[in-house]
Amino acid sequence: MPRAGILGTGAALPEKVITNADMEKLVDTSDEWITTRTGIKERRQAGPHETTSQLSIQAARKALEMAGVSPTDLDLIICSTISPDMPLPSTSAFIQRGLGAPACCAFDLAAACSGFLFGMTVAEQFILTGKAKYVLVVGAELLSRYIDYSDRSTCVIFGDGVAAGVLGPATPPSGILAAEMHTEGAFADHLYIPAGGTRKPASCETVRAREHYIKMRGNELFKVAVRSLEEVSRRVLDKAQVSAQQIDLFIPHQANQRITDAVRERLGVSAEKVYSNIARVGNTSSASIPICLDECVRSGRLKKGDLVLMAAFGAGVTWGGILMRW
Ligand SMILES: CC(C)(COP(=O)(O)OP(=O)(O)OC[C@H]1O[C@@H](n2cnc3c(N)ncnc32)[C@H](O)[C@@H]1OP(=O)(O)O)[C@@H](O)C(=O)NCCC(=O)NCCS
């Protein structure tokens, strides 16, 4: 069976660091609370002139370079984002233009924190059917633009960041072994931005009511996240007939260190096989998994032949998993 795999990765983080001490100056919180309840010590914040597409282009260039693929070879660009440059056109159109890629197919995908894995799964279908050879998948979020810095339950968690992967044909045994995507709209009101869409267009009133900011029911989400991440991990492992103990690296979405620890324990994966960078970058939504992936690839933590399990969970709610051999 032919397979699709990741040929190169790249990441781009804004330079500005917001520490927990900075958060203490904004809201009634403490480094101790944030660290023990989430595992986060600092996160990045984009400057006023940085955009989702600019950082995406930086990350994409690094991924293309590692893959040895020219932008002119791209058949498809998928940008996973819930914080696009503009409502119209798609951020992927700006990425295509900025990279100097040909007029290939390019579109955005909105699956929140699960978006990069959804994008990878879509890319895999295009590659396996021969519709595309090289696909750029970007996970890009500038969530700071939607954060209410007077709401302590959300502002301490999220950070900005972008990362990309270039997917293409892989030679077995390397490549994607199993993938799953799920959405359950019954939990749509657990994490959302009330205004700015067709349901509640922007108005002076929506701005005054702070309805353009992220609202989150963190406690309820926590339980759904642990359950979904465990379930989807088991499903992809079962599909590929691999045991949790056989995997070399587990990259869960970086939502909360306590979620990661709970899922790891339930799966029976040993702590040293789990990658976590939440202390340094916080929750970067759809950029979370590809940033981890890029750090693991560039540091040598992920080596050729390794079995890597990735599992994500996000607003929608959405959840997904991918098992691949590097
Ligand atoms: C958001 C989250 C960190 C909150 O942690 P928690 O342990 O569940 O905390 P709770 O929401 O139960 O709040 C407990 C108390 O801490 C307070 N609190 C919330 N944020 C705080 C902060 N930054 N600093 C200090 N206290 C805070 C609450 O007001 C509450 O106080 P009360 O008991 O006086 O009402 C946690 O629920 C979480 O990570 N959920 C999942 C979120 C997620 O995954 N979201 C994205 C999906 S991709």
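Remark on V274: its backbone amide H falls under 5 Å from those of F250, a criterion applied only to residues 5 or more positions apart or on other chains, H modelled at 1.01 Å from N. Less than 5 angstrom separates the built amide H of A178 from those of L323, all sequence-distant by 5 or more or on a different chain. Per-residue ellipticity at 222 nm computed for the chain from its helices equals -10000 deg cm²/dmol, with DSSP H segments shorter than 4 residues left out and the rest contributing -39,500 (n - 2.57).
Projected label points at R234 and R37, each 7 Å from Cα along the beta carbon direction, are separated by 3.0 nanometres.
For K304, what is the net charge nearby, where nearby means another residue's Cβ is under 12 Å from its Cβ and Lys, Arg count +1, Asp, Glu -1? With Lys, Arg at +1 and Asp, Glu at -1, the neighbours total 0. The phi-based Karplus calculation (6.51 cos²θ - 1.76 cosθ + 1.60; θ = phi - 60°) puts the 3J(HN,Hα) values of segment 98-109 at x, 7, x, 7, x, 6, 7, 6, 8, 8, 9, 9 Hz, whole numbers, x for Gly and Pro.
Take each of the peptides 46-55, 299-308, average the number of other beta-carbon atoms within 10 Å over its residues, and list them starting from the highest.
46-55, 299-308
For L109, nonlocal amide neighbours, meaning residues 5 or more places apart or on other chains whose placed amide H falls under 5 Å from its own, are C79, S80, T81. Relative contact order for segment 177-325: 36 percent, from Cα pairs under 8 Å spaced at least 6 residues apart, divided by residue count. Sparse packing (at most 10 other Cβ atoms within 10 Å of the Cβ) combined with a DSSP loop state is found for the following trypsin sites (Lys or Arg not before Pro) in segment 161-213: R199. Number of Lys-Lys pairs in segment 3-171 with C-alpha atoms under 23 Å apart and a separation of 8 or more places or on different chains: 5.
Across the chain, C-alpha contacts under 8 Å between residues 6 or more apart give a mean separation that, scaled by the residue count, equals a relative contact order of 25 percent.
A simple charge model with +1 on the Cβ of Lys and Arg, -1 on the Cβ of Asp and Glu and nothing else charged puts the dipole of the chain at about 380 debye relative to its Cα centre.
The phi-based Karplus calculation (6.51 cos²θ - 1.76 cosθ + 1.60; θ = phi - 60°) puts the 3J(HN,Hα) values of segment 126-132 at 4, 6, 5, 8, x, 5, 8 Hz, whole numbers, x for Gly and Pro. Across segment 187-203, coupling constants 3J(HN,Hα) worked out from phi with the 6.51/-1.76/1.60 Karplus curve, θ = phi - 60°, read 9, 4, 8, 7, 7, 6, 10, x, 10, x, x, 6, 5, 9, x, 4, 8 Hz, and Gly and Pro carry x.
The numbers here are math on the coordinates, done by the rules we state, and not lab data. In this text the structure is predicted, and so the values were computed from the model without any measurement. Heads up, the Cβs are rebuilt from the backbone with ideal geometry, glycines too, and the neighbour counts pull from every protein chain shown.
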